[in-house]
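Everything below concerns the one structure shown next.
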């Protein structure tokens, strides 16, 4: 797994605590602890898989005696009916872990699938698709992992992961007589030598100020495509250009065609639709 296990296990612990805080009244009332079963986890829609090992860790946390077998690894394409994994052992344990395991698997596969569909739109272009920090609280690690499984790339993972001067920073600085150019210079002076300075701009005038101050990455926030094309001409390769805001699946290729190097989409993580995956339980 390309994820830090301790962090993933903490998330699973919280999720199981949420779902099993009062036990499982239905299973405890109806299912004999000695009964055994096998669960087949299968895709019910086309997409890209993410989270198969996370689901396995859920079942392991519920009952270490359960045997979880991966049939398909993360990043692989799914068709309706594709077998993803099996879990075998105490039927009661499988039932207690089923919903939490599927919640992780469906959500992460939904992100990977949405990312893959956007990456396909950008085929044959040099534009890189990245996510944002618009993630569900506590889920950023897994959501950004799912973006990678779908063929996308990660923007900053946290506020300490790079300098990005956004709209509210200059607003506070201007009130104290500090211009955007001066803010960029100050950030460059205080940043580690391995870090690049990115600044968000909302107009071509701000872009020119950012270029003059030596910004290495400029985020074009909610700009019209014709303004992005003009920004590409003005930048003339002096910095990387990132487009963000107002970008949809329908206009993605037009945005990328403006010449920007990066397109960032919050929708990959904050409002994605879960992929339909289910677990069929068979008695043994």
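Values in this text are rule-based calculations from the coordinates and carry no lab data. What you are looking at is a predicted structure, and each value in this text was computed from that prediction instead of being measured. FYI the Cβ positions are ideal-geometry reconstructions off the backbone, even for glycines, and counts take in every protein chain you see.
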- Query: For region 1-153, treating each Cα as an identical point scatterer without solvent, what Debye log10 I(q)/I(0) comes out at q = 0.12, 0.14, 0.15, 0.18 1/Å?
  - Reply: -0.53, -0.70, -0.79, -1.06
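Taking the chain, how much of its Cα-Cα pair set, in percent, is spaced more than 24 angstrom apart?
57 percent
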- Put in order of increasing Cβ neighbours within 10 Å, starting from the fewest, 194, 132, 69 give 194, 69, 132
- Quick one: grab the alpha carbon gyration tensor of region 120-270, order the square roots of its eigenvalues as a ≥ b ≥ c, and give me rounded if a/c is under 1.5, else prolate or oblate depending on whether a/b is larger than b/c. oblate
- Task: Provide the gained length on full extension for the span residue 173 to residue 251, in nm with one decimal, where the gain is 0.36 nm per separating residue minus the Cα-Cα distance.
- Result: 24.7 nm
- How high is the relative contact order of region 1-125, in percent, with contacts defined as C-alpha pairs under 8 Å that are six or more residues apart? 32 percent
- Using Cα pairs under 8 angstrom and six or more residues apart, how large is the relative contact order of the chain, in percent? 23 percent
- Item | Bins of 10 Å from zero: percent of alpha-carbon pairs in region 128-216 | 15, 39, 30, 14, 1
- For the chain, share of DSSP beta bridges that run antiparallel, in % to the nearest 5: 50 percent
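For region 120-270, what relative contact order do you get, as a whole percent, if you take Cα pairs closer than 8 Å and at least 6 residues apart?
Over region 120-270, the number comes to 29 percent.
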- Task: Please give the length that would be gained between residue 182 and residue 212 if that part of the chain were fully extended, namely 0.36 nm times their separation in residues minus their C-alpha to C-alpha distance (nm, one decimal).
- Result: 9.8 nm
- Would you mind ranking 139, 223 so that the residue whose beta carbon has the fewest other beta carbons within 10 Å leads the list? 139, 223
- Item | GNM flexibility winner over the chain from 43, 90, 171 (Cα, springs under 10 Å) | 171
- Message: If I model a spin label as a point 7 Å beyond the Cα along the Cα-Cβ vector, how far apart are those points for residue 238 and residue 134 in nm?
- Response: 3.0 nm
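Can you tell me the alpha carbon radius of gyration of region 68-140 divided by the globular rule-of-thumb value 2.2 N^0.38 Å?
1.41
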- Message: At 7 Å along Cα-to-Cβ for each site, give me the label-to-label distance between residue 227 and residue 2 in nm.
- Response: 3.5 nm
- Specify the residue with the greatest mean-square fluctuation among 148, 190, 77, computed from a Gaussian network of the chain linking alpha-carbon atoms under 10 Å apart. 190
- Could you calculate the FRET efficiency of residue 126 with residue 191 from 1/(1 + (r/R0)^6), where r is the beta carbon distance between them and R0 is 25 Å, rounded to 0.05? 0.40
- Highest-MSF residue in the chain out of 245, 160, 257 [GNM, Cα springs under 10 Å]: 160
